[in-house]
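So the structure is just underneath, and the comments pick up after that.
The values are calculated or read from the model by the stated rules, or taken from the named source; none is laboratory data. Quick caveat: nothing in here was measured; it's all calculated off a predicted structure. Here the Cβ positions follow ideal geometry from the backbone for every residue, glycine too, while neighbour counts run over all protein chains shown.
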Amino acid sequence: MALKDEKPGKQQESPWVMVARYSEIGFMIPAAVLVGYFLGLAADHFLHTHWIYLVGIIFGSIAGFVSMIRRALQSSKDEEKQDSEDGDGSHGGQ
């Protein structure tokens, strides 16, 4: 007899793990923008300019979005892999 819902292990994941996973995505872009801003500000100070911080903000935001997209793609691959593993073992003796 096969059960229709074969994903109870996925629901048993700790809520703190889920909070950490989603909060990481929320902090990724602002952290990258701040790093880019401060690096640009330091470059402005040493080069005696007043516009490089804007380039740092742009590069930081691009880096944050690229990192967020990579994390989302990796997460979806992990979910697909886990779903396929759950589906393969459910037909054992039938």
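Matching residues to (1) in contact with a Pro (Cβ under 8 Å, 6 or more places away or on another chain); (2) at pLDDT 95 or above; (3) surrounded by 13 or more Cβ atoms within 10 Å (Cβ to Cβ):
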{"residue": "Met1", "(1), (2), (3)": "no, no, no"}
{"residue": "Ser14", "(1), (2), (3)": "no, no, no"}
{"residue": "Phe27", "(1), (2), (3)": "no, no, no"}
{"residue": "His45", "(1), (2), (3)": "no, yes, no"}
{"residue": "Leu54", "(1), (2), (3)": "no, yes, yes"}
{"residue": "Ser67", "(1), (2), (3)": "no, no, yes"}
{"residue": "Glu79", "(1), (2), (3)": "no, no, no"}
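Just for region 16-53: of the residues that are assigned to a helix (DSSP H, G or I) and among the β-branched types (Val, Ile, Thr), which one is farthest from Ser67 (Cα to Cα)?
The extreme case among them is Ile52.
Would you please list the contacts, defined by Cβ atoms under 7 Å and residues six or more apart or on different chains, that run from a residue in region 34-47 that is over 13 Å from Gly60 (Cα atoms) to a residue that is outside any helix (DSSP H, G or I)?
Taking only residues 6 or more apart or on different chains, the pairs are Asp44/His50.
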